[in-house]
Amino acid sequence: MKAWKHLCTITHHKNLVRKGCFRVGLYKQGMLHDLSKYSPTEFLVGCKYYQGTRSPNNAERADKGYSSAWLHHKGRNKHHLEYWIDYGVEKGPMVGMEMPVKYVVEMFIDRVSASKNYQKDAYTDRSPLQYYEYGKEHYIMHKNTRALLEKLLHMLAEQGEDATYDYIRREVLKNKK
């Protein structure tokens, strides 16, 4: 039963992201989003740790001290900020590389969709911003990536989904796909 529920959860999330990506013209990303979640490495862990109210990766991390599914997932999906962490040009600490705009938009849509998926009827347009703010102090992100993501999250919270998605299509992705 957990396997079926996990399959339904990830498929519902994928469908929400696809719908959002299609709204802004990111058709290929909408179709390919999170396909690695169906791989045995991620899917089997998701079934084992499924709860329905949060990511199974968090439960695996609490149980084992790390999440093998997340380590697999973040290295294969360019819409995750963790995909873009690398050593700095000057021999320094790990830094966030600037993400291409289309992946920042997909990351935004992913956050909106995850909030809708897990919060269900409790979701509001402020939910993705609240979740982001809860953990943002430890995100390693390029300043331009952070600025765009935060702008979109604040716009969603203040102006709503229609205005934000229209802005993304009209201004953010104009000539940048």
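Quick check on my filter: what residues within region 11-60 are of a type in the set (Val, Ile, Thr) and either modelled with pLDDT under 95 or at positive phi (or both)?
Thr53
Tell me which residues, restricted to region 61-94, are closer than 17 Å to Glu42 by Cβ and part of a loop (DSSP other than H, G, I, E, B).
Within region 61-94, Tyr66, Ser67, Gly75, Arg76, Asn77, Lys78, His79, His80 qualify.
Going residue by residue through region 95-102, is there one that turns out to be more than 22 Å from Arg18 (Cβ to Cβ), in contact with a His (Cβ under 8 Å, 6 or more places away or on another chain) and without any contact (Cβ under 8 Å) to a residue 40 or more places away in the chain?
Looking for residues that are more than 22 Å from Arg18 (Cβ to Cβ), in contact with a His (Cβ under 8 Å, 6 or more places away or on another chain) and without any contact (Cβ under 8 Å) to a residue 40 or more places away in the chain, one finds none in region 95-102, hence no.
Within region 106-118, does at least one residue satisfy the condition of being within 15 Å of Lys151 (Cα to Cα) and in contact with a Gly (Cβ under 7 Å, 6 or more places away or on another chain)?
For region 106-118, residues within 15 Å of Lys151 (Cα to Cα) and in contact with a Gly (Cβ under 7 Å, 6 or more places away or on another chain): present.
Filter region 118-128 down to the residues that are surrounded by fewer than 21 Cβ atoms within 10 Å (Cβ to Cβ), in contact (Cβ under 8 Å) with a residue 12 or more places away in the chain, touching a helix residue (DSSP H, G or I) at 6+ places or on another chain (Cβ under 7 Å) and in a helix (DSSP H, G or I) and list them by number.
Passing the criteria: only Ser127.
Just to be sure before I move on: is Met141 aliphatic (A, V, I, L, M), part of a loop (DSSP other than H, G, I, E, B) and over 25 Å from Cys47 (Cβ atoms) in the structure I sent?
Yes: the conditions hold for Met141.
Say whether the condition of being farther than 27 Å from Met31 by Cβ and either free of Cβ contacts under 8 Å to residues at least 60 places away in the same chain or of a type in the set (Phe, Trp, Tyr) (or both) is met by at least one residue in region 76-86.
Within region 76-86, one or more residues are farther than 27 Å from Met31 by Cβ and either free of Cβ contacts under 8 Å to residues at least 60 places away in the same chain or of a type in the set (Phe, Trp, Tyr) (or both).
The values are calculated or read from the model by the stated rules, or taken from the named source; none is laboratory data. This one's a predicted model, so the numbers in the text were calculated from it and none came from an experiment. A quick note on method: Cβ atoms are made from the backbone with ideal geometry, for glycine too, and the neighbour counts reach across all protein chains shown.
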